[in-house]
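Scroll down for the structure; my scribbles are underneath it.
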Amino acid sequence: MRTSKRSSLIHLIYFSRAQLSADPAERARQINDIARNAQKKNEFSVITSLLIVDQGYFIQILEGERMSVQETFQRISMDPRHRDVHIVEWREIAKREFVTSFATAPRTPTNDALFQKANLGPMLQRGTPKASTIYALAQTLQAETMAKQGIDHLFV
């Protein structure tokens, strides 16, 4: 039996310039507000995602049914906290790789080595980040978060 294109599971990777406050406390509040609202919307739309925040950029992987991801991406594209939104990859997937409706992974002193190894900064500045680089960083950040929570494997 053939599955309908309208109901296929996809993942989308995009990046944008973050339009957030320069004040660290206000910036943290803004990111927490984004996370709180996105989690509710993503749960309703049955979307899983990971938002990476790095040096003035948002990088996000969205997973879900085609229509839900399209609607979510349209909403993100219109959000004034995002500028210069670019799709890096859009493809069908057999299963989800991310476990939460919305998780954030900001660059911090504890995970800075992971970000340095990925070396996304120059690619983002040129507008040419590689999906494989983003995906590998996202997978590593998710695994690190799960390990801190005492989760040693993923059932998806």
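Filtering region 111-133 down to residues that are hydrophobic (A, V, I, L, M, F, W, C) and touching an Asp or Glu at 6+ places or on another chain (Cβ under 8 Å), which residue is nearest to residue 17 (Cα to Cα)?
Once the filter is applied, the top-ranked residue is 124.
Since residue 90 meets every condition but one in (1) crowded, with 17+ Cβ neighbours inside 10 Å; (2) assigned to a strand (DSSP E or B); (3) in contact with a Leu (Cβ under 6 Å, 6 or more places away or on another chain); (4) not β-branched (Val, Ile, Thr), which condition does it not meet?
Checking residue 90 against (1) crowded, with 17+ Cβ neighbours inside 10 Å; (2) assigned to a strand (DSSP E or B); (3) in contact with a Leu (Cβ under 6 Å, 6 or more places away or on another chain); (4) not β-branched (Val, Ile, Thr), the one that fails is (1).
Would it be correct to say that residue 89 is at pLDDT 95 or above and of a type in the set (Asp, Glu)?
On the way: at pLDDT 95 or above: yes; of a type in the set (Asp, Glu): yes.
So residue 89 fits the description; yes.
With the requirement that a residue be without any contact (Cβ under 8 Å) to a residue 12 or more places away in the chain and open to solvent by 60 Å² or more (accessible area, probe 1.4 Å), what does region 10-25 give you? Full working, then the answer.
The initial filter retains those residues of region 10-25 that are without any contact (Cβ under 8 Å) to a residue 12 or more places away in the chain, namely 21-25.
Passing the criteria: 22, 23, 24, 25.
Of the numbered conditions (1) in contact (Cβ under 8 Å) with a residue 24 or more places away in the chain; (2) surrounded by fewer than 16 Cβ atoms within 10 Å (Cβ to Cβ); (3) not small (Gly, Ala, Ser), residue 82 fails exactly one; give the number of that condition.
The single condition residue 82 does not satisfy is (2).
Considering only region 50-72, state which residues are surrounded by fewer than 17 Cβ atoms within 10 Å (Cβ to Cβ) and farther than 11 Å from residue 106 by Cβ.
Hits for region 50-72 are 56, 65, 67, 70, 71.
The values are calculated or read from the model by the stated rules, or taken from the named source; none is laboratory data. Note that the coordinates shown come from a computational prediction; the quantities given were computed from them, not determined experimentally. Backbone-built Cβ (ideal geometry, glycine too); neighbour counts: all protein chains shown. Just the protein is used for accessible areas: all its heavy atoms, side chains included, with ligands, DNA and RNA removed. Shrake-Rupley method; radii C 1.70, N 1.55, O 1.52, S 1.80 Å.
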